[in-house]
Amino acid sequence: MISGFFVLLGTLTGESALAANCHPAESLPTVQPVNWVNTITVPSNGAVGDVLATADWTFNGHTGYVYCDNAQSAALTSYWGIPAYGRSLTAVSGMSPYTLELDHAGSGIGVRIYLNGRQLTDYQSGLAGSVASLFGGSSVFYGPGYVTVPKTTYHFELVRTAVSPVNPLTVIPTQSIGGNAYVSVNTGGFLGEVGFAAYNLRPINVVWQTSTCTIIAGDVNKSVTLQRVKSSDFNNSPGTGDVPFTLTAANCQNATSATFTFSGTPDSTNPVLFKSTGDAAGVGVRIYPASDSGQTIGANGTNNVQTVAVSGGQAVLSLGAQYYKTGTTVGAGQVTTRATVTMSYN
């Protein structure tokens, strides 16, 4: 954990040519720290909108002396904004809540900013009238002698804006996460401004996780040999000669699951079966998950996707294969088929 620092800027100044009855106020504190992690890790299996990190910054309020000779009426103008010192901040299209993408288009990292619980939804917007509408809570009181700036709290959220960003951000630059609020005060003879700004003063590293798994060498071109059976073995059941086997994804890193997808040539009579290219008549091959032998992994794409959780760096899919009768009779001969399996991971 590395502490980051936000700059808090505040001034209230008088213009002597207009300030016959008011005098300059004291300066507000200039530095306010906030804790940021040094590195943010973006999981390989995350989703758009995932919150990656948060930070909070609070100014506890301050009373500054104006030294007005008598009470003055105050015309208030206030605005808030999300400055980035020249860096581009663009709203992510269609994303809710409102999110600004950091640094450049396609960066994959966005920021949401809240001021006293109110989300900021524009780069800079004007608000005329009561300062209470900007800050919430009690409004600023202007009278002879002092001006009070209320407690101000910012909440920042770094969020994921893309699963596979075009140009992933790897370092969040200094002074690119921030917000500000300003109040301009005109008391007739006195013109002053109180402003606050908060920015990250240290870069934040962004690590994009990548997930990997590999099919073990023995399963890349796997042969499964079924048992020798007799035609009479099909008299009491359409399926026989069951043989168990497994497919294994190993060396899995940052992956939570592996998905196996089966395809092949369907049998013309029963298309969920894999067609035999051998000379035995009236029979195909049925493949099924060991966890549910009543389910058929179809050569025609029916129930052909099986997902297994990664445990101990590998995902093992347990299966079974059997001869399966397609006609009224089964003729002697060889049964041969081919199933293609593709593996993906997440």
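The values are calculated or read from the model by the stated rules, or taken from the named source; none is laboratory data. The model shown is predicted, which means the values in this text are computed figures rather than measured ones. Virtual Cβ from ideal backbone geometry, glycine too; neighbours counted across all protein chains shown.
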When you go through Y345, Y323 one by one, which is the residue that is modelled with pLDDT under 95 and surrounded by 20 or more Cβ atoms within 10 Å (Cβ to Cβ)?
Y345
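Report, by residue number, each residue of segment 247-257 that is in a strand (DSSP E or B) and surrounded by 16 or more Cβ atoms within 10 Å (Cβ to Cβ). Explain how you work it out, then say what you get.
Pass one, segment 247-257, residues in a strand (DSSP E or B): 247-253, 257.
L247, T248, A249, A250, C252, S257, listed by residue number.
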Note on P244: of the conditions (1) at pLDDT 95 or above; (2) out of contact with any Phe, Trp or Tyr (no Cβ under 6 Å at 6 or more places or on another chain); (3) surrounded by 12 or more Cβ atoms within 10 Å (Cβ to Cβ), unmet is (3)
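Go through segment 65-124 and count every residue that is of a type outside the set (F, W, Y), in a loop (DSSP other than H, G, I, E, B) and modelled with pLDDT of 75 or more.
If we filter segment 65-124 for residues that are of a type outside the set (F, W, Y), which is where we start, we get 66, 68-78, 81-84, 86-97, 99-113, 115-122, 124.
Narrowing the set further to residues that are in a loop (DSSP other than H, G, I, E, B) leaves 66, 68-74, 82-84, 86-89, 92-97, 99, 102-108, 116-117, 120-122.
If we keep only those that are modelled with pLDDT of 75 or more as well, we get 92-97, 99, 102-108, 116-117.
Counting residues in segment 65-124 that are of a type outside the set (F, W, Y), in a loop (DSSP other than H, G, I, E, B) and modelled with pLDDT of 75 or more gives 16.
Rundown of residues vs (1) modelled with pLDDT of 95 or more; (2) hydroxyl-bearing (S, T, Y); (3) closer than 28 Å to T210 by Cα, yes/no style:
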residue	(1), (2), (3)
T248	yes, yes, yes
G284	yes, no, no
L317	yes, no, yes
T328	no, yes, no
Checking F234 against (1) surrounded by fewer than 18 Cβ atoms within 10 Å (Cβ to Cβ); (2) farther than 30 Å from R160 by Cβ; (3) among the hydrophobic types (A, V, I, L, M, F, W, C), which test does it fail?
(1)
Please determine, by comparing only the residues of segment 246-270 that are of a type outside the set (G, A, S) and in contact with a helix residue (DSSP H, G or I) (Cβ under 9 Å, 6 or more places away or on another chain), which one is nearest to A309 (Cα to Cα).
T248
Only listed residue being under 22 Å from the mean Cα position of the chain (by Cα), exposed (fewer than 15 other Cβ atoms within 10 Å of the Cβ) and modelled with pLDDT of 60 or more, chosen from V206, V220, V166, V159
V166
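Can you confirm whether K275 is farther than 19 Å from Q227 by Cβ, among the basic types (K, R) and buried (at least 18 other Cβ atoms within 10 Å of the Cβ)? Can you show your working first?
Working: farther than 19 Å from Q227 by Cβ: yes; among the basic types (K, R): yes; buried (at least 18 other Cβ atoms within 10 Å of the Cβ): yes.
Yes: the conditions hold for K275.
Does V308 satisfy being within 36 Å of the chain's Cα centre (by Cα) and crowded, with 20+ Cβ neighbours inside 10 Å? I'd like the intermediate steps shown before the answer.
Numbers: within 36 Å of the chain's Cα centre (by Cα): yes; crowded, with 20+ Cβ neighbours inside 10 Å: yes.
It is true that V308 is within 36 Å of the chain's Cα centre (by Cα) and crowded, with 20+ Cβ neighbours inside 10 Å.
One line per residue, one yes/no per condition, for (1) under 30 Å from V163 (Cα atoms); (2) in contact with a Pro (Cβ under 9 Å, 6 or more places away or on another chain); (3) crowded, with 18+ Cβ neighbours inside 10 Å; (4) modelled with pLDDT under 95:
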{"site": "T210", "(1), (2), (3), (4)": "yes, no, no, yes"}
{"site": "Q227", "(1), (2), (3), (4)": "no, no, no, yes"}
{"site": "T240", "(1), (2), (3), (4)": "no, no, yes, no"}
{"site": "T259", "(1), (2), (3), (4)": "yes, no, no, no"}
Out of the strands (runs of 3 or more DSSP E) lying entirely within segment 272-346, which hold 2 or more residues that are on the phi < 0 side of the Ramachandran plot and without any contact (Cβ under 8 Å) to a residue 60 or more places away in the chain?
283-289, 305-309
